[in-house]
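The values are calculated or read from the model by the stated rules, or taken from the named source; none is laboratory data. What you see is a predicted model; the values in this text were computed from it and never measured. Quick reminder, even Gly has a Cβ in these numbers, built from the backbone with ideal geometry, and neighbours come from all protein chains shown. Remember, those area values only see protein heavy atoms, side chains included, never the ligands or the DNA or RNA. Shrake-Rupley method; radii C 1.70, N 1.55, O 1.52, S 1.80 Å.
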Amino acid sequence: IVWPDAPGRSHNHTFIGNVTADASSTAKTLDQGDTTCKNQQDRAAYWAPTLFDHRQRVEPYKADAYYRPGPLVDPTTIEPYPHGLKIVSGDHTRNRQPAEVARWSCGPGGTRQPTAPECPTGSKLRLEVIFPDCWNGTDTDSGDHRSHMARSVDGTCPANHPVPVPELMLAITYPIAGPGHDLSLASGTTGTAHADFFNAWDPD
């Protein structure tokens, strides 16, 4: 999304979902791709900076994409994502993301933290990235890849982004627990967590 047609210019990412996603992907090419998702109608591409442990790549244990209403948003007002919508959530230039944007925990019930905690043996490290849930109603992308989207406040979308869409939460679980880990993301510290989404769900 940020560096189209420039493979290798970005830091390394781990891709989930559509197996054809690359620097030159379009909605049309994603439509033709297979997916790793259990729901085969979900051909969207999801990605986040690769996690490293002692500079070795960590393969996720699993990933879950949750689609739900934003906090206090009336579910009956939510519109489907437009086909081809691109969304970026989080900022790799910051070492701490707001909790409503990106957070780490030990399993789904653990305390949310801005950086990766040391998880007790038997649990698994989990990253959650929450995407904006208000769309401007016109553009599937923007020059900064952000300004076509906004977040609802107290259940209401801002006037310049009047269309409520699902709030996507991408939750990535890693087989990391116990002491002795040296974790970082391809973008920097674990506080630089962020993720991208390119909608290619079967429109029907």
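Here are the numbers for this structure:
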| quantity | calculated |
| --- | --- |
| Contact order normalised by residue count of the range 116-189, Cα under 8 Å, 6+ apart, percent | 43 |
| For Pro114, net neighbour charge (Lys/Arg +1, Asp/Glu -1) across residues whose Cβ lies under 15 Å away | +1 |
| Using θ = phi - 60° and Karplus 6.51 cos²θ - 1.76 cosθ + 1.60, couplings along the range 62-68 (whole Hz; Gly, Pro as x) | 6, 9, 10, 10, 9, 10, 8 |
| Structure-based [θ]222 nm, the chain - -39500 (n - 2.57) summed over DSSP H runs of at least 4, per residue, nearest 500 | -500 deg cm²/dmol |
| Heavy-atom accessible area per residue - the chain, 1.4 Å, Å² | 51 |
| Electrostatic dipole magnitude of the range 93-175 [Cβ: Lys, Arg +1; Asp, Glu -1; Cα centre; debye, to 20] | 380 |
| Student exercise, the range 81-132 dipole from Lys, Arg, Asp, Glu Cβ charges, in Debye to nearest 20 | 40 |
| Share, in percent, of DSSP beta bridges within the chain that are antiparallel, nearest 5 | 100 |
| Whole-percent carbon and sulfur share, accessible surface of the chain, 1.4 Å | 50 |
| Within the chain: Cβ-based charge dipole about Cα centre, in debye rounded to nearest 20 (Lys, Arg +1; Asp, Glu -1) | 600 |
| Neighbourhood charge, 12 Å Cβ-Cβ cut-off, centred on Gly188 and excluding it, Lys, Arg +1 and Asp, Glu -1 | +1 |
| Size of the range 127-204 as Cα extents on the principal axes (Å, biggest first) | 48, 29, 27 |
| Viscosity 0.692 mPa s, temperature 37 °C, Stokes-Einstein D of the range 72-119 from Kirkwood C-alpha radius, µm²/s | 241 |
| Packing rank of 98-111, 184-197, where each peptide gets the mean count of other beta carbons within 10 Å, highest leading | 184-197, 98-111 |
| Per the chain, cysteines lacking a partner by the 4.7 Å Cβ criterion | Cys37 |
| Peptide ranges 157-167, 126-136 listed from the most packed, as the mean C-beta count within 10 angstrom indicates | 126-136, 157-167 |
| The range 1-112 pair-distance distribution - Cα-Cα, 5 Å bins, rounded % | 2, 8, 15, 20, 22, 18, 11, 3, 1, 0 |
| Between the range 188-203 and the range 67-127, the Cα center-to-center distance that results, in Å | 10 |
| Local electrostatic count at Val2 - Lys and Arg +1, Asp and Glu -1, tallied over other residues with Cβ under 15 Å | -3 |
| Burial order of peptide ranges 80-88, 55-63 (average beta-carbon count within 10 Å, highest first) | 80-88, 55-63 |
| Positive dipole terminus of the range 121-204, leading residue within Cys134, Ala177, Cys157 (C-beta point charges) | Ala177 |
